[in-house]
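The values are calculated or read from the model by the stated rules, or taken from the named source; none is laboratory data. Everything quoted here is computed from the prediction, not taken from an experiment. Note: ideal-geometry Cβ built from the backbone for every residue, glycine included; neighbour counts use all protein chains shown. Ligands, DNA and RNA are stripped out before the accessible areas are found, and what is left, the full protein with its side chains, is counted by its heavy atoms. Shrake-Rupley method; radii C 1.70, N 1.55, O 1.52, S 1.80 Å.
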Amino acid sequence: MAEPVGPTTPASLVAAAYERLAANVAIGRERLGRPLAFGEKVLFGHADDAATVGVARGVDYSDYRPDRVAMQDATAQMALLQLVLAGLPSVAVPTTVHCDHLIQARVGADTDLRVALDTNSEVYEFLRSVSAKYGIGFWKPGSGIIHQVVLEQYAFPGGMMIGTDSHTPNAGGLGMVAIGVGGADAVDVMAGWPYNTRVPKHIGVRLTGELAGWAAAKDVILKVAGILTVKGGTGAIVEYFGPGAETISATGKATICNMGAEIGATCSIFPYDLAAAKYLKSTGREAIADLADEYAAFLRNDPEVDAEPNRFYDRVIEIDLSALEPHLVGPHTPDLDRPISEVADAVRREGYPVEISTALVGSCTNSSYEDIGRAAHIARQAAAAGLRVQTPLMITPGSEQVRATIERDGLLADLEAIGATVLANACGPCIGQWQRDDIAKGEVNTIVSSFNRNFPARNDGNKETLSFIGSPETVVALALSGRLDFDFTREAYRAPDGTSVRLVAPTADDLPVKGFDAGESGFIPPAADPARVSIVVDPSSDRLELLTPFPAWDGRELAGLRVLLKATGKCTTDHISPAGPWLTYRGHLTNISQNLFLGANNAFAPAEPGQGVDARTGEVVALPALAKAYKDAGIEWIAVGDENYGEGSSREHAAMEPRFMGGRAVLVRSFARIHEANLKKQGVLPLTFAAPGDYGKVRVDDEVEITGLGKLAPGSIVTVVLRHADGTVDEIPAKHTMSEEHIEWFRAGSALNLLAVAGR
Ligand code: MIC
Ligand code: SF4
């Protein structure tokens, strides 16, 4: 590795990346014989070999060389356990670990952080020592949410990174191709191997006009989510362009790219522009802004693409920013989108609880200086009129730098003055790290947040909580009325003195006029003498467990499998491996496997989520217990699912747990990208019904065979034989998207098994 990892990306790394970008773009233009979109340039710029890299969108698998790797504490544990097992001396690519997910929100920033340092000390110490030993930069708890810190310190226009978190695409706001991956993919890159992924399609979103009134960057992506739905971006890079793009701040662009994860997009990007330059300078990266200016022509679409987008993109969406109004999405899915003017009707029609039980501003999506500034402007107007929030309002700053700056500039005080509580610079309630005492489990209630996900039970573990998502200003405006059906753009508030008060649309600086206050530095560099660092995993720990490689395939067709569950409706990674309290066990495969499918709705046991039927006895039991019972009896199993199975997070636990508990294949109507990749990595067969209607043929007491594995090849069809208990048999064809390399992983037992052999 060239230079040790520091607290920011060195300009030398960017300069080298731009030289390669320029050379490879020339090769790309020549090979395709046409101008290139920005996203194509970045991909060519990072191709392992631009002369031969696959270019067939949605078909080829290709090798890329990302500039950086980032991991957060909840996923880094499993990633680093795999890295340790691979037996490599140090990481080959600049890599950082960020402690943000394990801090529980309870009373407020200081106390919550202190409690987290105490309760998670074993895990933090593991992450810190592995980082120190392997040349990884470590951001300690309290320094901020991974994506905000990456945007402030590491992202750069035209770069490429991978991160073990699905919202890694946040860095697309600064023009980076930033892709969320599972830990095993990150381990490949840390080990010096390329990142292999399917060549994405390109969706163009042409922005015209300018955001006005209450509309915020968040509303752009909420609108796009409504258009494309949670699976519409699957396998695609979403490229924003057009005159409207330049009117949005860099952090606003990051909000839009961040939530591209919610439409399944591989990543989203904006071209380099003045706003990006301004952000780089404001965050102390003038040298990188200068380099980007020099290479500006490579950091945007070729002019022909802007002029005739339909010739270059697989799909083009047009959005007039001037016509956009605030939106709210939810409950339960981020694509159930409504403009604020239609929410009141929906509340009446659908019977959503109208009282808001809590309002939350923050998460990696919306916790920038500008976000807090706009929220604070609403708060100042409210305070002047004597208004206070009518429901608890919680604020999570995105990073220590944002926190220190909004404190210095009085914005935190503005929010506190109307009754807000400030939480630690962390994920907090966004990932269920919320000790909520005001609402009992099972109580139906409404929350609003500026987060990105609203799957059932995600924030507070209560599947009866209806979660709606909007911009920070929308959340604060709603908190002031306490009602979900209140259209703050048209209606007046009632002040304590009886007068009616209208708030004007918020305005705020996108960047601090006085510059950022860095606050307390949270970066710990890797050890100068790695040999002296020892890594300790206590064999009796209930939080960390060294991994044992999964067994290799024995060369036989799979037979005698049971169907553990047939998932109905949405089956996200939050359904497969819930977070919240389970985050405690993210480094302990045996323990975390006790949550397997606890959130899943099973057609065979529909009374409540997480239940299954033991095919041998007909008994209804919890799914983790059933998986264990099968495993103990030497019975392997498959899981069956519907559309977009594995939507959401990058957590590879959702693939490792099934593998560990005896799952051999997952057969679904369609997969979300990261989860499908994770299943392949861990040696689980990801199969899709060739005829989606065959989903209906799977029965609770089937015995299943999977044949054709000896002849497994890219594009081959696998036969799934369903032997029903009544003696009848259905043979159904299933497809897969495995390349030769993926098939090797299956044969070896997992991708890591191959890597471990190569690494030694
Ligand atoms: C999420 O938002 O779901 C998470 C928690 O950040 C996950 C990662 C994880 O499960 O640790 C993600 O988005 O990838
Ligand atoms: Fe953290 Fe939430 Fe962002 Fe995931 S979506 S990284 S949990 S803030």
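For the pair Ala92/Asp509, report the inter-label distance in nm, with labels modelled 7 Å from Cα in the Cβ direction.
Simple spin-label model gives 4.5 nm for this pair.
Work out Dmax and Rg for segment 99-191 from the C-alpha atoms and quote the Rg first, both in angstrom.
14.5, 41
Roughly how many debye, to the nearest 20, is the charge dipole of the chain about its Cα centre, given +1 on each Lys and Arg Cβ, -1 on each Asp and Glu Cβ, and no other charges?
With Lys and Arg at +1 and Asp and Glu at -1, about 660 debye.
Would you list, by chain and number, the lysines whose Cα falls below 16 Å from the Cα of Lys253, excluding same-chain residues fewer than 8 positions away?
Hits, sequence-local ones excluded: Lys218, Lys223, Lys278.
Considering the zone a paramagnetic label at Arg490 would reach in this model (a point 7 Å from Cα along the Cα-to-Cβ line), which residues of segment 329-371 have amide N under 11 Å from it?
What the label zone holds, given the 11 Å backbone N cut-off, is 340-345.
Hey, how many Å between the Cα centroid of segment 51-91 and the Cα centroid of segment 407-460?
Taking the Cα centre of each part, segment 51-91 and segment 407-460 sit 33 Å apart.
Fully extended, how many nm does the chain gain between Thr8 and Thr52 (0.36 nm per residue separation, minus their Cα-Cα distance)? Numbers along the way, then the final one.
Numbers: separation 44, 0.36 × 44 = 15.84 nm, distance 3.24 nm.
Stretched out fully, the Thr8 to Thr52 stretch lengthens by 12.6 nm.
Please give the contour-minus-distance gain from Glu286 to Ala690: 0.36 nm per residue of separation, less the Cα-Cα distance, rounded to one decimal in nm. Walk me through the numbers on the way to the answer.
Working: separation 404, 0.36 × 404 = 145.44 nm, distance 5.28 nm.
Taking 0.36 nm per residue and subtracting the Cα distance, the gain is 140.2 nm.
If you roll a 1.4 angstrom probe over the protein chains with everything in place, what fraction of the accessible area of the chain belongs to carbon and sulfur, to the nearest %? Before the final figure, lay out each step's value.
On the way: 12800 of 25080 Å².
For the chain, the apolar C and S fraction of the accessible surface comes to 51 percent.
Lys pairs in segment 643-760, Cα-Cα under 18 Å, at least 8 apart or on separate chains: how many?
On the way: Lys680/Lys711; Lys680/Lys735; Lys681/Lys735; Lys697/Lys735; Lys711/Lys735.
Lysine pair count for segment 643-760: 5.
Set the Förster distance to 56 Å, then compute FRET efficiency between Ala633 and Glu210 from the Cβ-Cβ distance, nearest 0.05.
Numbers: r = 64 Å, r/R0 = 1.14.
Calculated transfer efficiency: 0.30.
Assuming R0 = 30 Å, what is the FRET efficiency of Arg31 and Glu294, from their Cβ-Cβ distance, to the nearest 0.05? Each step should come with its number before you reach the end.
Working: r = 25 Å, r/R0 = 0.83.
For Arg31 and Glu294, the calculated efficiency is 0.75.
Could you give the radius of gyration (one decimal) and Dmax (whole number) of the Cα atoms in segment 455-594, in Å?
Cα only, segment 455-594: 25.8, 79 Å (Rg, Dmax).
Please state, rounded to one decimal and in Å, the Kirkwood hydrodynamic radius that the chain gives when every pair of distinct Cα atoms enters the mean of 1/r.
On the way: mean 1/r = 0.0383 Å⁻¹.
That comes to 26.1 Å for the chain.
Take Asp437 and Arg616, extend 7 Å from each Cα along the Cα→Cβ direction, and tell me the distance between the two endpoints in nm.
Taking the simple label geometry, Asp437 and Arg616 are separated by 4.6 nm.
In nm, to one decimal, how far is the Asp497 label point from the Ala307 one, both placed 7 Å along Cα→Cβ?
Using points 7 Å along Cα→Cβ, the separation is 6.1 nm.
So if we plug the beta-carbon distance of Asp110 and Glu325 into 1/(1 + (r/R0)^6) with R0 = 35 Å, what FRET efficiency do we get, rounded to 0.05? Intermediate values should be presented prior to the final figure.
Details: r = 38 Å, r/R0 = 1.09.
That pair, Asp110 with Glu325, gives E of 0.35.
Among the aspartates and glutamates, which have Cα under 16 Å from the Cα of Lys570 when same-chain residues fewer than 8 positions away are ignored?
In chain and number order, the partners are Glu262, Asp335, Glu464, Glu608, Asp642, Glu643, Glu647, Glu676.
Give the separation of the Cα centroids, segment 236-272 to segment 660-702, in Å.
Their Cα centres are 31 Å away from one another.
Suppose every K and R has +1 on its Cβ and every D and E has -1 on its Cβ; what is the size of the dipole of segment 60-202 about the Cα centre, in Debye to the nearest 20?
On the way: 9 positive and 14 negative charges, 34 e Å.
Here segment 60-202 has a charge dipole of around 160 debye.
Taking 0.36 nm per residue of sequence separation and subtracting the Cα-Cα distance, how much length would be gained by fully extending the chain between Val444 and Glu744, in nm to one decimal?
103.2 nm
Across 10 Å bins from the origin, how do the percents of Cα pairs in segment 251-403 run, short distances first?
For segment 251-403, the binned pair fractions read 8, 25, 35, 21, 9, 1 percent.
Rolling a 1.4 Å sphere over the protein heavy atoms, what is the accessible area per residue of segment 332-451, to the nearest Å²? Don't jump to the answer; show the numbers that get you there.
Details: 3850 Å² over 120 residues.
Accessible area per residue, segment 332-451: 32 Å².
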